[in-house]
Each structure stands twice: as structure tokens, then as C-alpha cells.
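Beneath this line is the structure, given in C-alpha cells, with notes to follow.
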Amino acid sequence: MKDKNNIKEIYEIYDYIIIGNSAAGLAAAESIRELDSSGKIVILTEENYKNYSKPLITYYLEGLVDLEGIHFKGKDFYRNNNIDLHINKKVISIEADRDFLICSNEDIYKFKKLLIASGGQPIIPGIKTSCTDIAGGNRDKKGKLLDSINNENYRDIEGIYTLTTLDDALEIKSFIEKNDIRKVSILGGGLIGLKSAEALLGMGMNISIIELADRILAATFDREASFIVENRIISRGSNIYKNSTIEEIFIKDGSISGYRLQDGREEECSLLIIAVGVRPVTGFIKNNSVKIRRGIVVDDYMRTSIKNIYAAGDVVEARDMLLDEKRNIAIWPLAVRQGSIAGINMAGGSEKYNGGFFMNSIEILGIPTISMGLAAIDEKNEKNTEVVKVFNPEEKRYKKVVIRNNRVVGLIMVGNIERAGIYAGLIKNEIDISSVKGNISREYFGIINLPADYKKHLVTGEGIEV
Amino acid sequence: MALKLNQSEFKIERDLSKCISCQVCVRQCSNDVHEYDRDSDVIYSDSSKCVGCHRCESLCPTDALKIKERESQFRINHNWTEEHLRNIYRQADSGGVLLTGMGCNKPYTIYWDRILFNASQVTNPSIDPLREPMEIKTFIGRKPDNLEFEMASGSNNNAAKLKTKLYPQMELSMPIIFSAMSYGSISLNACKSLAEAASESGTYCNTGEGGLHKDLYKYAGNTIVQVASGRYGVDVDYLNKGAAVEIKIGQGAKPGIGGHLPGEKVSRDISDTRMIPEGTDAISPAPHHDIYSIEDLAQLIYALKEATDWSKPVGVKVAAVHNIAPIASGIVRAGADFISIDGMRGGTGAAPQVIRDNVGIPIELAIASVDERLREEGIRHRASVIAAGSIRSSADVVKAIALGADAVYIGTAALVAMGCHLCQKCYTGKCNWGIATQDPYLTKRLNPEIGTRRLVNLLKGWSLEIKEMLGGVGINAIESLRGNREHLRGVGLTDREFKILGIKHAGEAW
Amino acid sequence: MKRIYIQEEYCIGCRLCEIYCQVKHSKSKKIIKTFKEEKSDIIPRLIVEEIGYNSFAIQCRHCQDAPCVEACISGAMQKNKNTGAVVCDENKCVGCWSCIMACPYGVIKRDISEKKVASKCDLCIDEEVPVCVKNCPNEALKFMEKDTDERNKVKVKNEG
């Protein structure tokens, strides 16, 4: 029933509403429940599933995890914590001043506290398309004419996918099985592209990676690290096209049949995964109701510019402790921590976010790698910065430590990732390592090499005196 | 390369069906006997370096190692024994004095093993120490010539008050004291264990000639501080901190000679404690260079008493030598409150082998003759007598007291309790048990928590056994045993030995 | 909650803790059989670090706000509410190594002997005392409660 203002009179009221059913959203819900045992909590998700771990979808594709195992919280999580889960609810607008939000099916929710944890969505570059047969014409599988792909229409071409949701993984998996695919092309040599590559190589596929920069994982690896990984991929018969991108996609019978690169080379292709990047999902927030740059800007308590509205996870720009500015760092551990902090603060607590920094772990064809902080930088560009490298390409090993003002700010480890977390601790706690700088890049750098007072803290559990 | 005339003393048997190549033996041996071969995943052992300390055997998790005495390779010769041959080989190699550690291991007569203790049967009922009070408390110090009392004025119940002023005493809850072992000859962890165990058990330990380490100040009330010929660590604070002062004239393992701690072992810590410059050799001269006569000794005794305000017992430690009886008499007359006599079996960190094995007399005979002599001269009460030199069990303690000692010192027994296996290589400083070494890698191995616990257990066990033996003979206070030769009988001794010991033959009645 | 602590000054670097940890996590649980047959497959869950004569054994601290639990993408790493131990469920673990990346003590290891899983101390929860503590010959490892708050809050020195 609608009144003159087109707002239904019937709506659901909750103490806490969380948009997003992934890492940040669930961490927040758990934190809220720990502090507030009676408040009503609902999680709204546009997807059709109970919680699942987005990072696990490539493992699912590879067959290492099944549909049961892809849930990272137990199946009784919602029931045990008395949390409502409403699936298939896509939020299309938030009325911040009246504490409402509206979904695509016209459902209305009223909140006391709102958390936006809507995550990220894949970026689709506009690529020209052309047909390869006269009969079919430049048409998608539904028969519609098109001349380039974009965010809305890329799914209309058979064989073009992104890989960011469980649905994507399910469809790609069945596509591969149905069409007996052996070769896959991946546009984008970044994290998602490489994670997809990891899974596909594990399935025995032959892959081609097309990367715009001069190396894969350009944002997180330096030249040496990329060199080792690239060689490994190539040695298994797969291709990497660097300094390149797809100029044109060829379509036949509504399916992708191949593409042409910037330098003119052409490749046949029946399965293309687009992985050039993700951006925060903020489209549903209109009217500048909440301050957004690339993502939703939050303070150290995960609050947005609007009172009672919080945000956490891949959708936010929060403080990067190494660059000392607000930035979108879309990684799982930070999403969990931000969600948890947001939840605590929403439930009346006062927990500060001490800033985060990038970190990533990925294993390609048996070479484990870890990268954290400002790993890709080189000395020449920065003040007060030293870089220590131990490069061993024959043994496929590399270790690099970036030090700024006598504190570790970046790390790359390839081949041997033992005890990498120690550096994460050094970065996070801003430990002055000037006394042990000589040892910092040693193969077996351990706690015993750390500065005496930090080592004592770690070993005996007593805090450092201020 | 010179011909190697010295073969290994020990044989290492490794049961390969049990050895898991965990390499604990490799890591724990300070003599680098075991070596791991990565290619074959097997551990090889070089027996020539083994000293027989059993560290590897004790730590092996699968009990795969056995250390055995190597079968003799020489033709049997009761005169030219293997030991004599080896010693000459070694001396021909080095040209130096042959050193050794711990106490004399030669088969001289051990009188403890020929003395038997009594028990009550019909005439004098036994006492059960678990049911009735049994006093083994002991006081070390000079006892008064006689006691005078005065009646308390104005009271009805005839209460008497002691008029005689008593001399300062050390109060021991059992007649056992930890012997003098210096910091320097043993590790700080070992010293800590001894000091803490002494405090906990109500007895004392002794600093030896190494001074008192600052970490041990809190135990000073249970520590006898020693003034040795090198006067290490001796200042007025040191003297006043301790519970008693002991002037060391000699020790049983090396009577008549001094001691030597090489400069390499004089670390920062040892330098601070001994009050000598770091890295210099610490040489203790043979005599005290201010004691050349018994009168000089008397002077030092009285000087020390003055310095400590006459508040604590001042005693003298001597080695048991041939004329120990008149020597003891002279010392008591010189004013000592107690006299410690160290028999020839006493232990040491380093001593020349010839002196350790050939100089001095057994403590049993020394105690007996000293006690006899002092009683004859009517001065037995003026000083307590402490017996030292290989007290190995509570039975030895009881026999020592029956022969005339007031208390005993235990040195070797204490170290054995802490893990010592008597390999006799203390002088190398590579003690694998963390006892006779200053190497920080090795001293870690003696955890004072464990050391203290084991020593306290040892003292507790011996105390209970002493009480059992006393109870068994119908005595309920150790006072009644002291010098009570009637409760001892001997077997396998000559007439002369019986006479010196002052005991009867087993089978003889009163 | 009782945890394992090390007294550095009494660790003698014998590594018997590693040996017994391996036995505990072996199939046979018998020391000789484990090492004769399974040796290369079993990873000890604690790390003995050694320089010169300093050594100590370090293992998972079972932190209150464990960074490894936060980083785990599969929900395999969980803090057990009853025992307090942080344990990796090897069935759920996919071997992404995010926990290795996050642990500031560096006490999680890569186990690639069979399936790829993260391997770390599990506090020997079915034993009265963890086997490393029980078998340390010098009692350097202690299993006890401490009052300190386990919230890894490090106060950094001002321009130290």
C-alpha cells in the first residue's frame, strides 16, 4: 500500500542493519551481538547464498573446496547469534536523514544504526567488439547488436566472465565442463587475475595472461619478484603478454571466439576472464548523502560522514598507516577487523582503528609468495628509505625488505615465506630496527634477531615500557 | 705427527635400532664426541674424546646410548697398572703437572665401610621417629666452660635464668652443611642452588675462596664466608654479611698447596665477586702470607672477631694430615670457634693428581684422633668439629658424628645430587652438567629451580634416614650420639686401627 | 587460560621439545616408529631459535584477538571458546598462507606433506600438560596462567 509520497507504510524496523554478507558484515554482526544480546540485527545481501568466503571461490573452481566448505562461518551462525538474514535484497537507495533504506523490490527497512559493507565489484573496460562471421553479425547471444562491451552487457556474450562472486565460479565451472575448455585467457595480471590463474593452472588449463604494466602483480611486486613468478608460469607452457591489453574482441554466434592485442597479435579464445580491478560498490548511495571519493570515507571509528551510518570492508577508504592517508585497501583481514570495530562502535563501544596496510599471500605453481606494505617501491624514489634485496632466481627465491626511517614498511618474500608474519608485526608496531638492520634480510630471520625489548615482549609476553 | 699413545678411556655403544638421529647427543656434548652425517642420516661417535660424563646417555630419548669403560688393552700387570702407563704417556706428551678433579679415587681403605652402627634390641627400646620427637638440631660454635644460673626473683615456680653469656652459634636443623665450593670453580647457577637449598632446609652453604656474588646476598644469612689465602672478595661487608667466618688453611684434596684459576676464566662477574682485575690469573698462595705460626693464626682469628663485632663464630679449615691432632689442639687454643677437617678423599675443581691421590689421611681416623685429643686436653667444648672429605650417605654422617664430629660438610654428594657423574674433568671447564664451568652455553643446563629441589630432597632424605638410625638405637637427640664410640663396632681392621678409631671389634660387648 | 611460556635462560637448545611434538602429531605416537618411518613428513609445531648460546622455543601464543583467525579466509582457524586454544581445522584449511602472513610471532608453518595446510601448536589439548613442556629436560618451558592481558598491545618507545 503506498501513500502519496510513494513510501510504503509497512516497513521493517531493526536496531542494526548491515548491508553485505561477507567478511566485514559478519564480523560486525558478531561484534554487535557480543555487546548487545537483545538488539535486532538484520543482514541484507543481494546474493542468493548464506555467507561464503569470496576469496575461496577460486579454490572452489579448482575443486579444492566444495559448496559446503565454502562457508566460513558455521551453518548455524545466524541462528546461534539471533541474526536475521534477508537474501536477494538489493539496496537501491538510502534516505539518510530519515533512517530508511529501500530495496529493489520496494521493501523498506528502518534502522537505528546502519553498516554499509557492500564490498567491491569488478571493473569492465570498454573494449571494442567485432564479428567474425557475416551471418551472425555483431550480436550478443540474445541477438542484440553491440559494438563494445561494458558493465551492463558483458554477460550477454557467451564465454566472457568476471570472477568475483560464487555465481561467477559456478557458471565458469559449468561452462568449462560443458564446452571441454582447455585454454583460458585472463585480462589483468593483478591479484584476482593471478588467483584465477592459480586455480586454472591447478586444473591443468593452459592460460594466457594479458597485463597492461610491464610485469604481473605490478602493484604489489617489484621486477625481481614478478620475474620469478612469470618464469614459472611460462615454463609450464602458458603465456604472459606484458605492456599489452585487448584492443578488440571477436564474437561469433554470440560467443567470444578470440581477440586482438594492442600490438596486433591475435589469439583464439572461448573463455575470457576479465580481472582488471574492482571498485567499491557505492552506486546505490545517491545524493551525496554520505561522503564518497572512490570508496566511502570513514574515520578511525568506521563512521561515515552521516551520524549512525558506518562503513567497513572493501567499500571504504580508511586510514592507511604507511601512507598516512585514507585509501581503499581491499583485503580480507582488514575487512574483518574494520567490520569488528564498526560493530563494537555501533553497539555503544569505542574501539579505534589503528590503520591498516596492504598484505597478500598467493602461491603460484608451488612457489609461495607474500607481499606486504609498500613493497613495490625502490630507493631512488623515496627519502630516508633503504631497500635490502636478496635475489636468487635460480632457486626461485627472493626476499626484499623496504625500510623507511629505520622502520620496516614493506616486504616481499618469494619461494620461502617462513615467518613472514614477523615483519607484519614489525610494520604494525612501528618497531625501530636500526640495531638489527644488518640481519633483517637473512634467510632465517627470526625473533631471536629482533631488537631486545621487542623480542622480550614477544617471548615472555610482557609489554614494552613506554 | 707424533704417535698417539693414549687410547680412549671409554667406549660408546649406540644401538642403531633405537637411534633416531635426533642429534640431542651431538648438541649436548661439549667435547664434540658425536657428529651427525647428513648424507647417511647417521651419527658417528669419536670415543677418544669421551670423558664418561653420561650427559648424552641421560638425555637420549630412546635410550640408545651406553657409555662403557673401554676394555683394557694392556697385558695385565698389577704393578704397572694401566693408569700409571697412561699418566706417563700424558706427561711425556705435555711435560706438565697432571691435573684431575673431584676426590681421590684410589682403593685405600674406606673406614666408613668397615664401621658398623648399633641398634637397640631388648635393653634400650627403639624410638619411632615418625611418632616421637627426634632432635637432630645442631649448634656450631664454642660452648661455655660451665653454665651458671640464677633464680628468677619474685616468682613462685622456681624459674631459673641463665647467667652465663653464650658464645655466638650457627643453628643447623640437621648436622649437614654444604661444603666450600667457590664461584669460579662451579657456576653461579650451582651456587644459587646450594644457597637456596641451604636457606630452605635450615642449614648453611660455604662461599669457598671465590667471594660472595651479589645475586647471593639474600642468602648471606645462611652462608659461611671463607677467608682463604688469596683473600678473594674479603672486605668488612663480606665478613659481616655471613653467618660465620672460616679461615681456610688447607683442603683435603690438595693439602699444602694453593690454587690457581686461569685468567681466561676470570670473567667480568668473577672479577667483581673476587675483587681482582678481569683477565688476571687468580692465584691462591699455599700459606697465608700473614700466617707463619700458630700465634699468627690466633691474631687473625681475633682480628676477624673484632671486625665482626664478636657476633659470629670464626673457625678454621684444615686438611687432615699426619699430625692433625696436635694441629687441631693448637687451633682450638688459638681461639677458633669451630674447626673443619677435610680428609684426603675431599673433592676439588682442579688439583695435581699426585697430590690428590697421595697426600693426607682419611677423615675417619682424623676425626677420631682429634676428638680424642681434644677431650683429653679438656678443650673439646671450645670448638665444634666439622668433618669433611667424602661423606657419601646418611650412614657416613651418623658414623662421623659417633666418632666425634659435631656436623659434616658435603661437597661431592651435593654436586652428584645436581647431576655430576664424577668424570673428574672439572679442570677443563667443560662440565656438561653445567656445574664446574663458566661457559654460558653450559651453565644454562643447571636450572637452579631443579638444582635447589634436588638438594633439598637430598637433605630431607638423609635427615629422615639419620632419624631412623638414631631411633633404631634408642636415641632421641643427636647430642647423645656425639662422640659416642660405644655405638660403633669395626670389622676387618687391625689392632692399631681399632685403637686410633677408639672402637671395639664387632662381637665385643661393653 | 594456561599457556606455554619459555624461560630463555634455561633453554639448553637440545630440541627435545621438537622431537616430542613430532611424536605427538605422528600416526603411531611411538618415538622410534615415528622417526624410522614418518620422519620427513612431520613438522614440529614449535620453533627453536638459536644464536650462540642463546636459545628458546617459541610456539603459538593462542592470542585473545588472534591475527591468524582474522586473516583466515576459510574459517579453518578458530579460537575454541572452551579451551581457549586457537586451532586450525585441517579439513577446512586451503593452504592460502594468510595466517603465516599475519602471525607476528611467525609460528605457523606450511605443511605440504599431504594436502596443503597451515600447521601450528594446538596446545596438546587432550593431554594434561603439553608434551613439549613435560619433556623439557631443564624445565625451561612452563605451562601456566599469567595475569598479563593478552591483547598484544605494544607501547612503542617515543623515537626510541
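The values are calculated or read from the model by the stated rules, or taken from the named source; none is laboratory data. Please read these numbers as outputs of a predicted model, since none were measured by experiment. Cβ placement follows ideal geometry from the backbone for every residue including glycine, while neighbour counts extend to all protein chains displayed.
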> Filtering the stretch A:55-66 down to residues that are more than 8 Å from every other protein chain (Cβ to nearest Cβ) and crowded, with 23+ Cβ neighbours inside 10 Å, which residue is nearest to A:Asp167 (Cα to Cα)?
Replying inline: A:Ile57
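Yes/no matrix, rows are residues, columns are (1) free of Cβ contacts under 8 Å to residues at least 60 places away in the same chain; (2) polar (S, T, N, Q):
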| residue | (1), (2) |
| --- | --- |
| A:Ser340 | no, yes |
| A:Gly349 | no, no |
| A:Phe358 | no, no |
| A:Val401 | yes, no |
| A:Ile412 | no, no |
| A:Gly425 | yes, no |
>> What are the pairs with Cβ atoms under 8 angstrom where one residue, in the stretch C:114-137, is more than 14 Å from chain B (Cβ to nearest Cβ) and crowded, with 18+ Cβ neighbours inside 10 Å and the other, located anywhere, is among the polar types (S, T, N, Q) and in a loop (DSSP other than H, G, I, E, B)? Sequence gap at least six, or different chains.
In response: C:Lys120/C:Gln59; C:Cys121/C:Gln59; C:Leu123/C:Thr83
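Within the stretch A:431-455, can you find the residues that are polar (S, T, N, Q) and in a helix (DSSP H, G or I)?
Of everything in the stretch A:431-455, those that are polar (S, T, N, Q) and in a helix (DSSP H, G or I) turn out to be A:Ser434, A:Ser435, A:Asn439, A:Asn449.
With the stretch B:115-165 as the region, which strands (runs of 3 or more DSSP E) entirely inside it contain at least 1 residues that are in contact (Cβ under 8 Å) with a residue 12 or more places away in the chain, under 32 Å from the mean Cα position of the chain (by Cα) and closer than 30 Å to B:Pro362 by Cα?
B:115-117, B:138-140
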>> For the stretch C:1-51: of the residues being more than 16 Å from C:Ser119 (Cβ to Cβ), part of a loop (DSSP other than H, G, I, E, B) and of a type in the set (Lys, Arg), which is nearest to the other protein chains (Cβ to nearest Cβ)?
In response: C:Arg15
>> Regarding the stretch B:257-279, can at least one residue be identified that is surrounded by 15 or more Cβ atoms within 10 Å (Cβ to Cβ), touching an Asp or Glu at 6+ places or on another chain (Cβ under 8 Å), among the hydroxyl-bearing types (Ser, Thr, Tyr) and outside any loop (DSSP other than H, G, I, E, B)?
In response: yes
> Quick one: how many residues across the stretch C:56-71 are surrounded by 22 or more Cβ atoms within 10 Å (Cβ to Cβ), more than 7 Å from every other protein chain (Cβ to nearest Cβ) and among the small types (Gly, Ala, Ser)?
Replying inline: 1
> Can you name the residue in the stretch A:431-444 that is at the interface with chain C (Cβ under 9 Å from one of its Cβ atoms) and buried (at least 16 other Cβ atoms within 10 Å of the Cβ) and is also nearest to A:Thr385 (Cα to Cα) among such residues?
Replying inline: A:Asp432
>> When the residues of the stretch A:346-388 are narrowed to those that are surrounded by fewer than 16 Cβ atoms within 10 Å (Cβ to Cβ) and at pLDDT 90 or above, which ends up farthest from the other protein chains (Cβ to nearest Cβ)?
In response: A:Gly348
>> Suppose we keep only residues that are of a type outside the set (A, V, I, L, M, F, W, C) and part of a loop (DSSP other than H, G, I, E, B) within the stretch A:404-430. Which one would you say is nearest to the other protein chains (Cβ to nearest Cβ)?
In response: A:Arg419
> Only one residue in B:Pro125, B:Pro129 is outside the structural domain of B:Ile466 (by TED's automatic domain parsing), surrounded by fewer than 12 Cβ atoms within 10 Å (Cβ to Cβ) and more than 25 Å from C:Tyr53 (Cβ to Cβ), so which one is that?
Replying inline: B:Pro125
> Under 9 Å by Cβ, and 6 or more places apart or on different chains, what pairs join a residue from the stretch B:77-88 that is touching a residue at least 40 places away in the same chain (Cβ under 8 Å) and outside the structural domain of B:Asp357 (by TED's automatic domain parsing) with one that is aliphatic (A, V, I, L, M) and part of a helix (DSSP H, G or I)?
Replying inline: B:Asn87/B:Val354
>> Suppose we filter the stretch B:474-510 for residues that are over 24 Å from the mean Cα position of the chain (by Cα), in a loop (DSSP other than H, G, I, E, B) and within 30 Å of B:Glu132 (Cα to Cα); how many remain?
In response: 7
> Hey, among the residues in the stretch C:73-95 that are under 27 Å from A:Lys456 (Cα atoms) and among the hydrophobic types (A, V, I, L, M, F, W, C), which one's nearest to the other protein chains (Cβ to nearest Cβ)?
Replying inline: C:Met77
> Only one of (1) of a type in the set (D, E, K, R); (2) buried (at least 19 other Cβ atoms within 10 Å of the Cβ); (3) over 24 Å from the mean Cα position of the chain (by Cα) is not met by A:Glu230, so which one is it?
Replying inline: (3)
> Which of the residues spanning the stretch B:426-484 are touching an Asp or Glu at 6+ places or on another chain (Cβ under 9 Å), within 14 Å of chain C (Cβ to nearest Cβ) and among the aliphatic types (A, V, I, L, M)?
Replying inline: B:Ile450
>> Looking at the stretch B:35-61 only, could you name the residues that are more than 13 Å from chain C (Cβ to nearest Cβ) and not in a loop (DSSP other than H, G, I, E, B)?
In response: B:Glu35, B:Asp37, B:Tyr44, B:Ser45, B:Ser47, B:Ser48, B:Lys49
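For every residue, the table says whether it meets (1) within 24 Å of C:Lys142 (Cα to Cα); (2) not basic (Lys, Arg).
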residue: C:Ile51; (1), (2): yes, yes
residue: C:Ser55; (1), (2): yes, yes
residue: C:Gln59; (1), (2): yes, yes
residue: C:His62; (1), (2): yes, yes
residue: C:Cys72; (1), (2): no, yes
residue: C:Lys81; (1), (2): yes, no
residue: C:Ala85; (1), (2): yes, yes
residue: C:Cys96; (1), (2): no, yes
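Yes/no per residue for (1) out of contact with any Lys or Arg (no Cβ under 9 Å at 6 or more places or on another chain); (2) free of Cβ contacts under 8 Å to residues at least 24 places away in the same chain; (3) of a type in the set (D, E, K, R); (4) not in a loop (DSSP other than H, G, I, E, B):
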residue: B:Ile386; (1), (2), (3), (4): no, no, no, yes
residue: B:Ser390; (1), (2), (3), (4): no, no, no, no
residue: B:Ala395; (1), (2), (3), (4): yes, no, no, yes
residue: B:Ile401; (1), (2), (3), (4): no, no, no, yes
residue: B:Val408; (1), (2), (3), (4): yes, no, no, yes
residue: B:His421; (1), (2), (3), (4): no, no, no, no
residue: B:Tyr427; (1), (2), (3), (4): yes, no, no, yes
residue: B:Trp433; (1), (2), (3), (4): no, no, no, no
